[in-house]
Amino acid sequence: QVQLVESGGGLVQAGGSLTLSCAASGSIFSINNMGWYRQAPGKQRELVASITNGGPTNYADSVKDRFTISRDNAENTVYLQMNSLKPEDTAVYYCSADIKTRRYYSSRVYWGQGTQVTVSS
């Protein structure tokens with residue numbers, strides 16, 4: 001069984017910063033891509049940022065130069081540093097990880113439970 005547990009959400013004023021963390025635990029052989037998605041009320045879930053096992057990153061245009069994704073492979077943890085937050089960043093943020101539980105098994109994507117980020121104007 002694999003679990004992704006997120007932390008770090010909350011309420012912050014516009015222009016402020018938050019750091020989200022997501023730790024994967026359980027029966028893990030390897031983790032490929034890890035990422036953060038968000039879903040605002042009435043909108044579809046969208047990719048915010050992703051990072052490969054080797055380090056290359058990808059960001060949504062709306063968060064480039066404000067958000068930074070990183071990971072600690074030894075701790076199976078992915079982070080999202082969010083700076084210069086805007087009210088439009090308000091959403092539930094979900095982490096995802098493409099995890100292989102055994103050497104010869106196919107990987108699959110696991111999701112965290114979500115953490116609320118609210119940015120007040």
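The values are calculated or read from the model by the stated rules, or taken from the named source; none is laboratory data. Here the structure is a predicted model, which means the values were calculated and not measured. Glycine also receives a Cβ, built like all others from the backbone with ideal geometry; neighbour counts cover every protein chain displayed. Please note that ligands, DNA and RNA were not included when accessible areas were found on the heavy atoms of the full protein model with its side chains. Shrake-Rupley method; radii C 1.70, N 1.55, O 1.52, S 1.80 Å.
Listed here are the residues, each with its yes/no results for (1) surrounded by fewer than 12 Cβ atoms within 10 Å (Cβ to Cβ); (2) touching a Leu at 6+ places or on another chain (Cβ under 8 Å); (3) not aromatic (F, W, Y).
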site: L11; (1), (2), (3): no, no, yes
site: L20; (1), (2), (3): no, yes, yes
site: N33; (1), (2), (3): no, no, yes
site: Y37; (1), (2), (3): no, yes, no
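Considering each of G8, G16 in turn, give the residue that is touching a Phe, Trp or Tyr at 6+ places or on another chain (Cβ under 9 Å), closer than 16 Å to V119 by Cα and in contact (Cβ under 8 Å) with a residue 24 or more places away in the chain.
G8
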Checklist outcome for this item: Scanning the range 73-121 residue by residue, the ones that are within 15 Å of W36 (Cβ to Cβ), among the acidic types (D, E) and either open to solvent by 10 Å² or more (accessible area, probe 1.4 Å) or part of a strand (DSSP E or B) (or both) total 1
Item to check | Subset tally (residues that are touching a residue at least 24 places away in the same chain (Cβ under 8 Å) and either hydrophobic (A, V, I, L, M, F, W, C) or in a strand (DSSP E or B) (or both)) for the range 51-66 | outcome: 2
Checklist outcome for this item: Flagged in the range 39-62 as open to solvent by 50 Å² or more (accessible area, probe 1.4 Å) and of a type in the set (G, A, S), in numbering order, are G42, G54, S62
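Within the range 74-87, is there a residue that is under 18 Å from V119 (Cα atoms), in contact with a strand residue (DSSP E or B) (Cβ under 8 Å, 6 or more places away or on another chain) and either free of Cβ contacts under 8 Å to residues at least 60 places away in the same chain or β-branched (V, I, T) (or both)? Even if it seems obvious, please write down each step before you answer.
Looking only at the range 74-87, we keep the residues that are under 18 Å from V119 (Cα atoms), and these are 80-87.
Of the ones still in play, those that are also in contact with a strand residue (DSSP E or B) (Cβ under 8 Å, 6 or more places away or on another chain) are 80-83, 85-87.
Now drop any that are not either free of Cβ contacts under 8 Å to residues at least 60 places away in the same chain or β-branched (V, I, T) (or both), which leaves none.
Among the residues of the range 74-87, not one is under 18 Å from V119 (Cα atoms), in contact with a strand residue (DSSP E or B) (Cβ under 8 Å, 6 or more places away or on another chain) and either free of Cβ contacts under 8 Å to residues at least 60 places away in the same chain or β-branched (V, I, T) (or both), which makes the answer no.
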Checklist outcome for this item: Output for Cβ contacts, cut-off 7 Å, separation at least six or different chains, first residue free of Cβ contacts under 8 Å to residues at least 24 places away in the same chain in the range 28-47, second assigned to a strand (DSSP E or B), reads E46/Y37; E46/R38; L47/G35; L47/Y37
